[in-house]
Ligand code: C2O
Ligand code: CU
């Protein structure tokens, strides 16, 4: 209630939508929902689990009968799911066998700067096909009009190891490419996967687990006649005349994929399921709803968000989920009659994008020994009254591009220098619509337009959906790691059009 209207960010009629160039879209609700495989560590010691991922091209069958050449983590889209334990170190060694540089960011990770995936910390292709000169050319083209210094780049050839201490609570994280000027391209082409963190607190709860704990990465894509992904500026960066203007508001597709499959279907038993929704789309905002709703409504029981468990469950009829946000919900399919087919709709969509997937509820009467406890966790409140600094970040668009505080992204230039341990209020304002993401630590939303917080703002978050003419205040405290981290819009085309900034913790 009282939320400002949505911008044309969610409207289908605007430029920015790419259409699949086949007359017919694939039929909905035919493909069984795939669940990404869980990656096995290559070695494990008393403190550390080590994983290897090779980034490579792969031919996937996403649309029936067609091959899609994707850029993948380990040959699949989404990439394999990594499952870590809070308090144990995870090392992921990424080998780049693609034909262009890569950067890996763990979204939501409390990660030291050296492993955070700074946008110019590149893994060059293992075959030696790139040198610093070529990288430099790419960079200055990729993000509009930017100059940068060779010295600011940190180049690794072939393989780079990322170290994640996981001194953080259980949460649904994800990893994706983060190369300066090319994040939208790389993610669209397939470079994204889940990284889940578990801890004792979460495991003591009687929540659904095992094959009833399912990560769901929702993305939209469009396809060319031959099955390949269609993205408007694949190799050109943003230099292509006309293209950049048409896609200023971000790129939308017309095929909705869940875990890489178009409008899939999942057969469920009449039991509770934990569904971890991630909006992995470049620019699309969804309003998810179960159709039919279970009697009495409140079909989504939210137990967690970006940064792990909420204090107490919250019931929702719908979920508005912006790019990069996660909603961890329990759906109790025993509230439906045996044999009900429950569609997951997108109320912000239109035509092919108005539905997402379907749950086909079984006919048995199995006994459910799971439940959602009234208390989930302790979430200590950060007190904005104790903030020693209030910082303003203005997200602004103009015909010239997308800026934060009037600046386009420039590596090495700090928009803020927070001291570790200090409570800070960050205030985000805009004339448009931007999902704002902050690296390193989660924050808590304090207010929207000086009023209370929205229905989807509870708990620890790392991405907050900033709507037109809004001012959103969050309270945060950065801990443990000094160095350069990012704040940016997670509309990936905005990010690539330089709506990003460094902040340097000291
Ligand atoms: Cu999900 Cu800086 O990104
Ligand atoms: Cu934006």
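Hey, among 59, 24, which residue is within 25 Å of residue 251 (Cα to Cα) and either modelled with pLDDT of 95 or more or assigned to a strand (DSSP E or B) (or both)? Don't jump to the end; show me each part of the working.
Numbers: 24 fails: either modelled with pLDDT of 95 or more or assigned to a strand (DSSP E or B) (or both).
Unique residue meeting the criteria: 59.
Considering segment 240-254 alone, what residues qualify as being outside any loop (DSSP other than H, G, I, E, B) and in contact with a strand residue (DSSP E or B) (Cβ under 7 Å, 6 or more places away or on another chain)? Reasoning before the result, please.
Pass one, segment 240-254, residues outside any loop (DSSP other than H, G, I, E, B): 243-246, 252.
Matches in segment 240-254: 252 only.
For the subset of segment 16-42 comprising residues that are touching a helix residue (DSSP H, G or I) at 6+ places or on another chain (Cβ under 9 Å) and farther than 14 Å from residue 222 by Cα, which member is surrounded by the most Cβ atoms within 10 Å (Cβ to Cβ)?
28
I'm trying to understand the selection: among the residues of segment 188-228, which are part of a strand (DSSP E or B) and at pLDDT below 95? Before you say what the answer is, go through the steps one by one.
Step one: of segment 188-228, the residues part of a strand (DSSP E or B) are 192-198, 213-221, 223.
Passing the criteria: only 223.
Yes or no: segment 424-432 includes at least one residue that is under 23 Å from residue 492 (Cα atoms), surrounded by 17 or more Cβ atoms within 10 Å (Cβ to Cβ) and touching a helix residue (DSSP H, G or I) at 6+ places or on another chain (Cβ under 8 Å).
Yes, because at least one residue in segment 424-432 is under 23 Å from residue 492 (Cα atoms), surrounded by 17 or more Cβ atoms within 10 Å (Cβ to Cβ) and touching a helix residue (DSSP H, G or I) at 6+ places or on another chain (Cβ under 8 Å).
Taking residue 476, is it touching a strand residue (DSSP E or B) at 6+ places or on another chain (Cβ under 8 Å), farther than 25 Å from residue 169 by Cα and assigned to a strand (DSSP E or B)? Don't jump to the end; show me each part of the working.
Numbers: touching a strand residue (DSSP E or B) at 6+ places or on another chain (Cβ under 8 Å): yes; farther than 25 Å from residue 169 by Cα: no; assigned to a strand (DSSP E or B): yes.
No.
Select from segment 458-483 the residues that are within 16 Å of ligand 1 (Cβ to nearest atom) and surrounded by fewer than 22 Cβ atoms within 10 Å (Cβ to Cβ) and write down the one among them that is farthest from residue 407 (Cα to Cα).
Residue satisfying both the conditions and the ranking: 481.
Mind counting the residues in segment 191-207 that are surrounded by 23 or more Cβ atoms within 10 Å (Cβ to Cβ) and away from ligand 1 (no atom under 15 Å from the Cβ)? Let's see the steps before the verdict.
Residues of segment 191-207 surrounded by 23 or more Cβ atoms within 10 Å (Cβ to Cβ): 191-195, 197.
Going one step further and asking which of them are away from ligand 1 (no atom under 15 Å from the Cβ), we end up with 197.
Number of matching residues: 1.
Among the residues of segment 427-445, count how many are assigned to a strand (DSSP E or B) and either on the phi > 0 side of the Ramachandran plot or away from ligand 2 (no atom under 16 Å from the Cβ) (or both). Please lay out each step first, then the result.
Of all residues in segment 427-445, those assigned to a strand (DSSP E or B) come to 427-430, 434-438, 443-445.
From what's left, either on the phi > 0 side of the Ramachandran plot or away from ligand 2 (no atom under 16 Å from the Cβ) (or both): 427, 443-445.
Within segment 427-445, residues that are assigned to a strand (DSSP E or B) and either on the phi > 0 side of the Ramachandran plot or away from ligand 2 (no atom under 16 Å from the Cβ) (or both) number 4.
Quick one: which residue in 391, 427, 396, 386 is touching a strand residue (DSSP E or B) at 6+ places or on another chain (Cβ under 7 Å), within 22 Å of residue 10 (Cα to Cα) and more than 16 Å from ligand 1 (Cβ to nearest atom)?
Values: 391 fails: within 22 Å of residue 10 (Cα to Cα); 427 fails: within 22 Å of residue 10 (Cα to Cα); 386 fails: within 22 Å of residue 10 (Cα to Cα).
So the residue among 391, 427, 396, 386 that is touching a strand residue (DSSP E or B) at 6+ places or on another chain (Cβ under 7 Å), within 22 Å of residue 10 (Cα to Cα) and more than 16 Å from ligand 1 (Cβ to nearest atom) is 396.
Which strands (runs of 3 or more DSSP E) sit wholly inside segment 331-413 and have at least 1 residues that are surrounded by 19 or more Cβ atoms within 10 Å (Cβ to Cβ) and touching a helix residue (DSSP H, G or I) at 6+ places or on another chain (Cβ under 6 Å)?
Values: elements: 341-346, 355-361, 389-398, 401-404.
Those strands (runs of 3 or more DSSP E) span 341-346, 355-361, 401-404.
Which number in (1) part of a helix (DSSP H, G or I); (2) at pLDDT 95 or above; (3) over 26 Å from residue 167 (Cα atoms) marks the one condition that residue 257 misses?
Single failed check for residue 257: (1).
Please work out if residue 440 is crowded, with 19+ Cβ neighbours inside 10 Å, farther than 22 Å from residue 110 by Cα, touching a residue at least 60 places away in the same chain (Cβ under 8 Å) and within 16 Å of ligand 1 (Cβ to nearest atom).
Working: crowded, with 19+ Cβ neighbours inside 10 Å: yes; farther than 22 Å from residue 110 by Cα: no; touching a residue at least 60 places away in the same chain (Cβ under 8 Å): yes; within 16 Å of ligand 1 (Cβ to nearest atom): yes.
So residue 440 does not fit the description; no.
Could you go through segment 102-112 and let me know if any residue there is in contact (Cβ under 8 Å) with a residue 40 or more places away in the chain, assigned to a strand (DSSP E or B) and more than 23 Å from residue 437 (Cβ to Cβ).
Taking segment 102-112 as the starting set, the residues that turn out to be in contact (Cβ under 8 Å) with a residue 40 or more places away in the chain are 102-112.
So of that shortlist, the ones also assigned to a strand (DSSP E or B) come out as 102, 104-107.
Remaining after also requiring more than 23 Å from residue 437 (Cβ to Cβ): none.
No, segment 102-112 contains no residue that is in contact (Cβ under 8 Å) with a residue 40 or more places away in the chain, assigned to a strand (DSSP E or B) and more than 23 Å from residue 437 (Cβ to Cβ).
Can you tell me which of 173, 207, 191 is under 30 Å from residue 270 (Cβ atoms) and touching a strand residue (DSSP E or B) at 6+ places or on another chain (Cβ under 7 Å)? Spell out how you get there, then give the answer.
Values: 173 fails: under 30 Å from residue 270 (Cβ atoms); 191 fails: under 30 Å from residue 270 (Cβ atoms).
Exactly one of 173, 207, 191 is under 30 Å from residue 270 (Cβ atoms) and touching a strand residue (DSSP E or B) at 6+ places or on another chain (Cβ under 7 Å), namely 207.
Hey, among 172, 156, which residue is in contact (Cβ under 8 Å) with a residue 12 or more places away in the chain, closer than 25 Å to residue 480 by Cβ and more than 13 Å from the chain's Cα centre (by Cα)?
Only one candidate qualifies: 156.
The values are calculated or read from the model by the stated rules, or taken from the named source; none is laboratory data. The structure displayed is predicted, hence computed values, not measured ones. In this analysis, Cβ positions are derived from the backbone assuming ideal geometry, glycine residues included, and neighbour counts consider all displayed protein chains.
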